[in-house]
Every structure is written in C-alpha cells, then in structure tokens.
1. Condition first: more than 16 Å from the chain's Cα centre (by Cα) and surrounded by 20 or more Cβ atoms within 10 Å (Cβ to Cβ). Now tell me which residues in segment 62-73 satisfy that.
2. Among the listed residues 59, 42, 17, identify the single one that is farther than 16 Å from residue 120 by Cα and surrounded by fewer than 15 Cβ atoms within 10 Å (Cβ to Cβ).
3. Identify all residues within segment 49-64 that are outside any helix (DSSP H, G or I) and closer than 25 Å to residue 144 by Cβ; write none if there are none.
4. Given the criteria more than 25 Å from residue 70 (Cα to Cα), surrounded by 20 or more Cβ atoms within 10 Å (Cβ to Cβ), under 14 Å from the mean Cα position of the chain (by Cα) and touching a residue at least 60 places away in the same chain (Cβ under 8 Å), does residue 108 qualify?
5. Restricting the first residue to segment 42-53 and requiring it to be under 18 Å from residue 112 (Cβ atoms), which pairs with a second residue that is at pLDDT below 95 and assigned to a loop (DSSP other than H, G, I, E, B) meet a Cβ separation below 6 Å and a spacing of at least six or different chains?
6. Which of the residues that make up segment 110-129 are at pLDDT 90 or above and touching a strand residue (DSSP E or B) at 6+ places or on another chain (Cβ under 7 Å)?
7. Which pairs turn up if I take residues in segment 73-85 that are more than 15 Å from residue 159 (Cβ to Cβ) and look for partners that are at pLDDT below 80 and part of a loop (DSSP other than H, G, I, E, B) with beta carbon separation below 6 Å, at least 6 apart in sequence or on another chain?
C-alpha cells in the first residue's frame, strides 16, 4: 500500500511547474492522453484523481540522469534513430529518480492518498502499482519509451526543440486483485 487515504486531507495542495493536479494542469489535446484526461477533469466529468508530472519535470529528469546530454549528442543519428534509442533506453533504464524529483513524486503520492495507482503517458500504461519504487520505475519507463526516444532523436537531428511529455499518476479505482 502506498499511503493511508486519511493522510491526504491534512497535507497542503501540491502545485507548481513540476507537479500539478489533474484538471488544474495547463494541458489540452496537444498533450495526448494526459491532456485529454486533464480536459475531461476540468469539465467536471467523473475522472479518478491524479497528479500530472509536467513537461518541465520530464526535462529535469533528463538533465539529472544525463539523458539530455546523450540525446543532444545524437544529432547525427537521424538515419539510425531506432538503434540509438534502444541504446539510450538500455543505458538509462536503471537510473533512479532521486533528490527533489523523488521528493515531489513521494509528496504527490501522499496527497493522492491511493493504495493503488496507474501511471499513464501517451506510450505507456502501468497499473496495479502499490509502492513508491514501482511508481518511480513506471514514470521512468514512460519517459524512456522507445517511441518517445526515437521521436526526441529525430527532432534533435532536424534541429528542433526537444519534445517532452507529461505523465499522469492516477488513482486506480478498480485494481486487479487477482494477482494477490
């Protein structure tokens, strides 16, 4: 179990440039699945509570892990973006989320107060997550998706701005308990 649901009521709201509540984040359709869910929550539809780890959080992770420098060095890899993405993914898959970024994820999970969460991004969905290490690994995997890394490499090789994407950590209403 991640946290006790009663703790949530006593903590201040988490808001900022790195972490925002679902329905209060500044994302729309241009941000894919996370943006769509954010719009639905903003309209008041019954969407499970969630915390959005923003584009800026993704960029901070890339800087902290060294992935940003690796991707920036991939400028000449347009013709072999897939192979380069596989290499980068393998290299950074074991990087842990530490320091301020880890603290923000922990605080977001405490505020969410869910015993089980799902991590969603455009390319990744991991459900049934019951511990902070599982959530951190799922967030990292969302930012290291093969499709995402290939897109980043291709954009950098063409001289564009590095794309980043939000990740949603959301209360899972009906967790699959058949594995327990």
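The values are calculated or read from the model by the stated rules, or taken from the named source; none is laboratory data. Predicted model only: the values in this text are computed from it and were never measured. Note that we place each Cβ from the backbone using ideal geometry, even for glycine, and neighbour counts take in every protein chain shown.
1. The answer is 71, and nothing else.
2. None of the others qualify; the one that does is 17.
3. 50, 51, 52, 53, 54
4. Values: more than 25 Å from residue 70 (Cα to Cα): yes; surrounded by 20 or more Cβ atoms within 10 Å (Cβ to Cβ): yes; under 14 Å from the mean Cα position of the chain (by Cα): yes; touching a residue at least 60 places away in the same chain (Cβ under 8 Å): yes.
Spelling it out, residue 108 is indeed more than 25 Å from residue 70 (Cα to Cα), surrounded by 20 or more Cβ atoms within 10 Å (Cβ to Cβ), under 14 Å from the mean Cα position of the chain (by Cα) and touching a residue at least 60 places away in the same chain (Cβ under 8 Å).
5. Pairs found: 42/23; 48/173; 50/22; 52/22; 52/25.
6. Within segment 110-129, 116, 117, 118, 119, 120, 121, 125, 126, 127, 129 meet the criteria.
7. 84/74; 84/77
Yes/no per residue for (1) within 18 Å of the chain's Cα centre (by Cα); (2) assigned to a loop (DSSP other than H, G, I, E, B); (3) at pLDDT below 95:
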site: 5; (1), (2), (3): no, yes, yes
site: 14; (1), (2), (3): yes, yes, yes
site: 24; (1), (2), (3): yes, yes, yes
site: 27; (1), (2), (3): yes, yes, yes
site: 44; (1), (2), (3): no, yes, yes
site: 75; (1), (2), (3): no, yes, yes
site: 83; (1), (2), (3): no, no, yes
site: 94; (1), (2), (3): yes, yes, yes
